[in-house]
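Since every read-out is calculated from the coordinates, none of them should be taken as a lab result. Since we're looking at a predicted model, the values are computed, not measured. Note that we place each Cβ from the backbone using ideal geometry, even for glycine, and neighbour counts take in every protein chain shown.
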Amino acid sequence: MVRQKIDDNRDGVMFELTNSGDWSFFHMPELAQAGISHGFCTGASPSDLVNEDARRRFLDAFHLKDIVTMRQVHGTTVHTIRNGEKPESGDGFVLVEKGIAGIIRTADCLPVILCDPSRPLVSIVHAGWRGTAAGIVGKAVDTMERLGAAKERMIALLGPSIGPCCYEVKEDVRVAFSVERFPRHIFQEQDNSMFLNLREANAWVLRALGVNRIYDTDLCTCCEQTYFYSFRRGDKGRRQINFVSIRG
Ligand SMILES: [Zn+2]
């Protein structure tokens, strides 16, 4: 079993690579024990949950009643799922009902899981550079707050995404973040190239909102080819799944 240390290890919290059924995933055991079923799956795991057989096995593996998926569009729409809603498109879910998992697919974009274990209330968002600059993670925090979550109790998990080591971007991306008043340090310059730190951009938004318990897997999808698909590395059209659910 691979144990993945995280940057902020003050509480001794660690991410762990584990598996259930056909799915191998990174998760935080302490959060799982607190009743928040969640995972950042590796590329070796089945990702086509439209296939009825795979869907059934996924539900069984994680003791779920149902899953919600949608077409991701790099926007800021966060859907609240409380009565079996099945939204067509958007980039975030807030889940109220127990046993329903929100699924986000990624292959370099950042999956962010948010939860307030004491409610309990959970959320998962798809944060690529467009969604991050447009504020999707803040939208999810606001939605959770309106439903009774408290920012000081919230825990944020930053999943695997392309890291600043590999995410070279052009001027249009810098301008987009600058317009939204993101700090300059989310970009790093090297040899006349500019690299975006997507995880720090989202962590900065979370801290600015008062969500301070942020745990970063610190895994780069582009570097870690054993585990993940990466669009930038050339895996066109292949994505891994990420999920969160309140255990039923
Ligand atoms: Zn990298």
* Given H placed on each backbone N at 1.01 Å, which residues far from V68 in sequence or on other chains put an amide H within less than 5 Å of it? -> A101, G102, I103
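DSSP beta bridges in the chain, what fraction antiparallel, as a percent rounded to 5? Could you put the intermediate results ahead of the total?
On the way: 40 of 54 bridges.
The antiparallel fraction comes to roughly 75 percent.
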* Structure fact -> For M194, the residues 5 or more places away or on another chain with a placed amide H closer than 5 Å to its own amide H are V169
* Asked: So what J values fall out for the range 126-132 if you push phi through Karplus, 6.51 cos²θ - 1.76 cosθ + 1.60 with θ = phi - 60°, rounded to Hz, Gly and Pro as x?
  -> 9, 10, x, 5, 5, x, 5
* Estimated vicinal HN-Hα couplings, Hz - the range 134-141 in sequence order (Karplus 6.51, -1.76, 1.60; Gly, Pro = x) -> 7, x, 4, 5, x, 4, 5, 4
* To do: Set the Förster radius R0 to 25 Å, insert the Cβ-Cβ distance between A32 and R71 as r into 1/(1 + (r/R0)^6), and round the FRET efficiency to 0.05.
  => 0.30
* Structure fact -> The exposure ranking of D48, D66, fewest beta-carbon neighbours within 10 Å first, is D48, D66
* Provide the gained length on full extension for the span R146 to H63, in nm with one decimal, where the gain is 0.36 nm per separating residue minus the Cα-Cα distance. => 27.1 nm
* To do: Sticking with the crude label model, points 7 Å out along Cα→Cβ, report the distance from R119 to R207 in nm, one decimal please.
  => 2.4
* To do: Starting from the range 151-196, pick out the trypsin sites (Lys or Arg not before Pro) whose DSSP state is loop and whose Cβ has at most 13 other Cβ atoms within 10 Å.
  => K170, R181
* **M14-E224 FRET efficiency (beta carbon distance; Förster radius 22 Å; 0.05 resolution)** => 0.85
* Gain in span if fully extended, D22 to E88, counting 0.36 nm per residue against the direct Cα distance -> 21.1 nm
* Select from S118, I81, A176 the residue farthest towards the positive end of the dipole of the range 16-246; place +1 on Cβ of Lys and Arg, -1 on Cβ of Asp and Glu, and compute about the Cα centre. => I81
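If you put +1 on each Lys and Arg Cβ and -1 on each Asp and Glu Cβ, how big is the dipole of the chain around its Cα centre, in Debye rounded to 20?
Values: 31 positive and 31 negative charges, 80 e Å.
With Lys and Arg at +1 and Asp and Glu at -1, about 380 debye.
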* To do: Work out from phi, with θ = phi - 60° and the Karplus expression 6.51 cos²θ - 1.76 cosθ + 1.60, the ³J(HN,Hα) of each residue of the range 202-211, listed in order in whole Hz, and give x for Gly and Pro.
  => 6, 5, 4, 4, 4, 5, 4, 7, x, 9
* To do: Just tell me which lysines come within less than 28 Å, Cα to Cα, of K86; anything on the same chain fewer than 8 places away is out.
  => K65, K98, K139, K151, K236
